[in-house]
Amino acid sequence: DVLDHFEKIRSKKIKIPKEAFALAIRACRPLDLGKKAFLLVQDAHSRKLILSQTDYAAAISTCAKQPNGWKDALSLVKTMRLKKIPMTKQAYGSGIFACRSGKQCKLAIDLLIEMKQKGFIPNTAVYSKAILACADAGNSSEALALVAEMKREGIPRTEASYNAAIHACATGGEWGAAIRLLDIMKGDGIPPNLVSYNSAITACANGGAWKQSLQLLEGVRRQGMQPDAFTYSAAITALDRSKRWREALVLMEMMKKDNVPPTQVTYCAAIHACAGGGLLPKASRFLNEMVEAGIEPNLHTYSAIIHVCT
């Protein structure tokens, strides 16, 4: 085992060549040892060893794949830029991937621009991660600008890239843009899936467009798909926020008829909707159902119950 052998050498406190560090860093990748790869780079630095651009790229890629490795990945990106070590296409792609995990919209865009300036052509996957980085950071305008850039640059737009863009619309409550993207998807011959519709309905919920949320829910059925708990929860939330409590309660019944178990989010939105109609008995019934289903009420749930009582 490369890593075991490396550790035996390191324990002897002898001079270790940079080639040995390079092999150890690469060995971390198939084992998903992001933190170890990062620490190996740090150790090499402390020994005044100069690692290659591919060594850095391997470490960045390994760190970026870890759930909490984005900070280490972006720290290595920063080191490469400070030391003026030329970044590889892989390093740029992995850095942008890490930006998504860390919600680093500006850095994702900077890396994308720099990547192109260096003569590398970002592919659909890289653009999708940059779009998601902006979406998760709440910067829907930048995310949508990246979608438009993909079209200008002739980068193929896929289901994943469209869904990333619609997700961006959801975070910003830009329901009109979300619906337009659904239409553009269809025009490109890419049928929107349930994820696409769920994000678009969430955009309606965040943008106060309750009528459009119901139209999209109906669109899910027309496309031959079964609405899931997320679909119903988003639509009920849209109705609750627009004080359409009657329609929200109708959807709760439809959800049960479709054998779709309500979630914590669904119950919370439904209970809050009951406040609009002063329906304390109904709200109490939902709370009891929730507990019986083994779903733990949270602070939002109890706040909704208090709201019904006031």
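The values are calculated or read from the model by the stated rules, or taken from the named source; none is laboratory data. Just so it is clear, the structure is predicted and the values come from calculations on it, not from any experiment. Note: ideal-geometry Cβ built from the backbone for every residue, glycine included; neighbour counts use all protein chains shown. Note: areas computed on protein heavy atoms with side chains; ligands, DNA, RNA excluded. Shrake-Rupley method; radii C 1.70, N 1.55, O 1.52, S 1.80 Å.
Within the stretch 81-104, how many residues turn out to be open to solvent by less than 30 Å² (accessible area, probe 1.4 Å) and part of a helix (DSSP H, G or I)?
Qualifying residue count, the stretch 81-104: 9.
Out of curiosity, is ALA234 in contact with a Cys (Cβ under 7 Å, 6 or more places away or on another chain) and not charged (D, E, K, R)?
So ALA234 does not fit the description; no.
Would you tally the residues in the stretch 279-310 being β-branched (Val, Ile, Thr), assigned to a loop (DSSP other than H, G, I, E, B) and loosely packed, with under 14 Cβ neighbours inside 10 Å?
Within the stretch 279-310, residues that are β-branched (Val, Ile, Thr), assigned to a loop (DSSP other than H, G, I, E, B) and loosely packed, with under 14 Cβ neighbours inside 10 Å number 1.
Do you know which residues across the stretch 1-19 are open to solvent by less than 60 Å² (accessible area, probe 1.4 Å), part of a helix (DSSP H, G or I) and over 23 Å from GLY69 (Cβ atoms)?
Answer for the stretch 1-19, where residues must be open to solvent by less than 60 Å² (accessible area, probe 1.4 Å), part of a helix (DSSP H, G or I) and over 23 Å from GLY69 (Cβ atoms): just ILE9.
Identify, please: which residue in the stretch 110-151 is β-branched (Val, Ile, Thr) and within 18 Å of GLY93 (Cβ to Cβ) and is, among those, surrounded by the most Cβ atoms within 10 Å (Cβ to Cβ)?
Looking at residues that are β-branched (Val, Ile, Thr) and within 18 Å of GLY93 (Cβ to Cβ), I get ILE131.
Being of a type in the set (Ser, Thr, Tyr), within 19 Å of ASP183 (Cβ to Cβ), open to solvent by 10 Å² or more (accessible area, probe 1.4 Å) and in a helix (DSSP H, G or I), is that true of even one residue in the stretch 199-213?
The answer is yes, given that some residue of the stretch 199-213 is of a type in the set (Ser, Thr, Tyr), within 19 Å of ASP183 (Cβ to Cβ), open to solvent by 10 Å² or more (accessible area, probe 1.4 Å) and in a helix (DSSP H, G or I).
Looking at (1) modelled with pLDDT under 95; (2) within 29 Å of MET185 (Cα to Cα); (3) among the charged types (D, E, K, R), which one does LYS211 not meet, given that it meets all the others?
It fails just one condition, (1).
Take the residues of the stretch 34-80 that are outside any helix (DSSP H, G or I) and under 20 Å from GLN104 (Cβ atoms): which is least open to solvent (accessible area, probe 1.4 Å)?
GLY69
So which pairs qualify, if the first residue must be in the stretch 80-95 and of a type in the set (Ser, Thr, Tyr), the second must be open to solvent by 30 Å² or more (accessible area, probe 1.4 Å), the Cβ gap must be under 6 Å, and the two must be at least 6 apart or on different chains?
Close Cβ pairs satisfying both conditions: THR88/GLN53.
Report yes if HIS272 is of a type outside the set (Gly, Ala, Ser) and touching an Asp or Glu at 6+ places or on another chain (Cβ under 7 Å), otherwise no.
Yes.
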